[in-house]
1. Kirkwood Rh over Cα pairs of the chain into Stokes-Einstein at 4 °C, 1.567 mPa s: D in µm²/s?
2. Quick check: residue separation of GLU2 and MET51 times 0.36 nm, minus the Cα distance between them. What number comes out in nm?
3. Using Cα springs under 10 Å in a Gaussian network model of the chain, which residue among ILE41, ILE26, ILE77 shows the largest mean-square fluctuation?
4. Report, in deg cm²/dmol and to the nearest 500, the calculated mean residue ellipticity at 222 nm for the chain, where each DSSP H run with n ≥ 4 adds -39500 (n - 2.57) and the sum is divided by the residue count.
5. Between 0 and 90 degrees, rounded to the nearest ten: what's the tilt of helix 43-88 against the longest Cα principal axis of the chain?
6. Compute, for the chain, the length of the dipole vector about the Cα centre, with Cβ point charges of +1 (Lys, Arg) and -1 (Asp, Glu) only. Units Debye, rounded to 20.
7. Which of ILE4, TYR16, PHE49 sits farthest toward the positive end of the charge dipole of segment 2-88, with +1 on the Cβ of Lys and Arg and -1 on the Cβ of Asp and Glu?
8. Work out from phi, with θ = phi - 60° and the Karplus expression 6.51 cos²θ - 1.76 cosθ + 1.60, the ³J(HN,Hα) of each residue of segment 12-19, listed in order in whole Hz, and give x for Gly and Pro.
Amino acid sequence: MENIKNKQKKDLVQFYTSLGVLIAGIVMVFLALFIQPVGVIHYTVITVFGMFLTFVGAVWQLDVKYAFKTEELKEEIRQRIQRDNENRE
């Protein structure tokens, strides 16, 4: 039970961290429009924003990947238990 709570805390921290990075990147690009020269976004801003998006994508993809793998494992275990029960009868 405590393991589940720790995983939920980890997932929340991971989600909010990546969400914060995403918002920071969007704000950074938006503010870059108002810095001299106005209306031009410097390539370094775009590069950093791309890094932010890569980080967020990696965090969310890892979360989705492992959630999917966990569900696959649970389903495989259920099927094995069901087959064992059928074989016993």
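Each value in this text was obtained by applying a stated rule to the coordinates, not by laboratory testing. Computed from a predicted structure; not experimentally measured. Note: ideal-geometry Cβ built from the backbone for every residue, glycine included; neighbour counts use all protein chains shown.
1. For the chosen part, D equals 79 µm²/s.
2. Values: separation 49, 0.36 × 49 = 17.64 nm, distance 3.44 nm.
Using 0.36 nm per residue and subtracting the Cα-Cα distance, I get 14.2 nm.
3. In the Gaussian network model the winner is ILE77.
4. Values: 2 runs with 77 residues, N = 89.
It lands at -32000 deg cm²/dmol.
5. Approximately 10 degrees, to the nearest ten.
6. Numbers: 11 positive and 10 negative charges, 39 e Å.
Taking the Cα centre of the chain as origin, the dipole is about 180 debye.
7. Of the options given, the answer is ILE4.
8. For segment 12-19, the Karplus curve yields 5, 4, 4, 5, 5, 5, 5, 5 Hz.
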